Amino acid sequence: MPDNRILQLLAHKVAGEATADELSELQNLLERYPDGVYMEEVLTQLWAKQPVDNAGQDLEYIKHKLKYAADFEPAEDGYHPKFYSKIKSYLAIAVICLLTGSGVFYYHRFVKNTPVTATEISAGKGVRKKIILPDGTQVWLNSNSRLTFNNDLNAAPNRVVMLTGEAYFDVVKNKHRPFIIQTDKVLIKVLGTAFNVKAYPTDSITETALIRGSIELTVTDNQHQKILLKAGEKLLLADKNTNSKDTPLPAAIAEKRKLSIENIKPVEIESQEYIEETSWITDKLIFKNESFRELVPKLERWYNVKIHIGNSAINDYHFTGIFQNETIEQALKAMQLIRPFKFKINNDEIDIN
């Protein structure tokens, strides 16, 4: 693992000095070497601890050294008296490691030997991220989503992650160490498979769509009830007041939730077929015969906007379509061609009448 280069690029990033090429290189390295996620977390914390009273010339000097580290020739013994005198607290250790080639020491000293802590990775509204966990599992995070896991994920008996929002998982198979996803309403246990989980706290429906393999789901209201999904199936767990096709459940669950298991059906748009449940990982927002009411939260997350509908009749307009590179204005204009309505955009606030 190229510890030194990852540390150097991370330092440029947290210092606000990284170029677009460096950020792209860093992303590629983090995908190839997942343990670098730990480095990013620690270095970000160390940078945040830099004393504010030294933020002037000292901080600018440190940033300069970080940005142009490759242009400085280290002393034979690796010691830089003038530079050392300007660095305070834990930040000194991170910078020294970059300039003396001690990245491996830094990683093992400050990551490997610390108590088990959690890493949280978020994707804000309008943002989608791809990450690789320490066990090699690939995860795509949809907008306004959060994934949390303990830093001993690669060593613990079970690989447990906590999800809020939506994510697509391509899990590395390990029959001895199950991969477990915890959400507010369901718990999903897998050995190795690919599937999508949508569990936004504000949505009335939690959805799990299985692309390949098999998974075992447990509804948190009744952990004794196990539900097995096969490839090509999806499970929808809805609040009691949400319309869905009921599947028989124990009374304890039926009183609180509605559950249905359906087949995943491709959506055909302009003679092409798309999988609606997973199209977002290729930056496509697909929707089939959905009401404006159902589309509003999706559009808000996709474009990082807030939509206000002043005419309640518009909520019942239905649409089928695909958005990929369109702006929110272009998307709304395209929808206007299907059903008439007016809209006004004011920064990130949109009024529809």
Original post:
How about the range 256-306: which strands (runs of 3 or more DSSP E) wholly inside it have at least 1 residues that are among the β-branched types (V, I, T)?
Top reply: 257-263, 267-269, 285-291
Original post:
Hey, among the residues in the range 307-325 that are assigned to a loop (DSSP other than H, G, I, E, B) and more than 27 Å from S145 (Cα to Cα), which one's modelled with the highest pLDDT?
Top reply: Y317
**OP:** Would you confirm whether any residue within the range 326-339 is assigned to a strand (DSSP E or B) and surrounded by 14 or more Cβ atoms within 10 Å (Cβ to Cβ)?
**Re:** no
**OP:** Considering only the range 261-284, state which residues are farther than 21 Å from L210 by Cβ and under 19 Å from the mean Cα position of the chain (by Cα).
**Re:** D283
Original post:
Looking at the range 204-219, is at least one residue part of a loop (DSSP other than H, G, I, E, B) and within 21 Å of the chain's Cα centre (by Cα)?
Top reply: yes
Original post:
Across the range 170-226, what is the total count of residues that are within 20 Å of G136 (Cβ to Cβ) and of a type in the set (K, R)?
Top reply: 5
**OP:** Can you confirm whether the range 217-236 contains a residue that is closer than 18 Å to E276 by Cβ, of a type outside the set (A, V, I, L, M) and touching a Gly at 6+ places or on another chain (Cβ under 7 Å)?
**Re:** no
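The values are calculated or read from the model by the stated rules, or taken from the named source; none is laboratory data. From a predicted model like this one, the values you see are computed outputs, not experimental measurements. Using ideal geometry, Cβ is built from the backbone for each residue, glycine included, and neighbour counts are taken over all protein chains shown.
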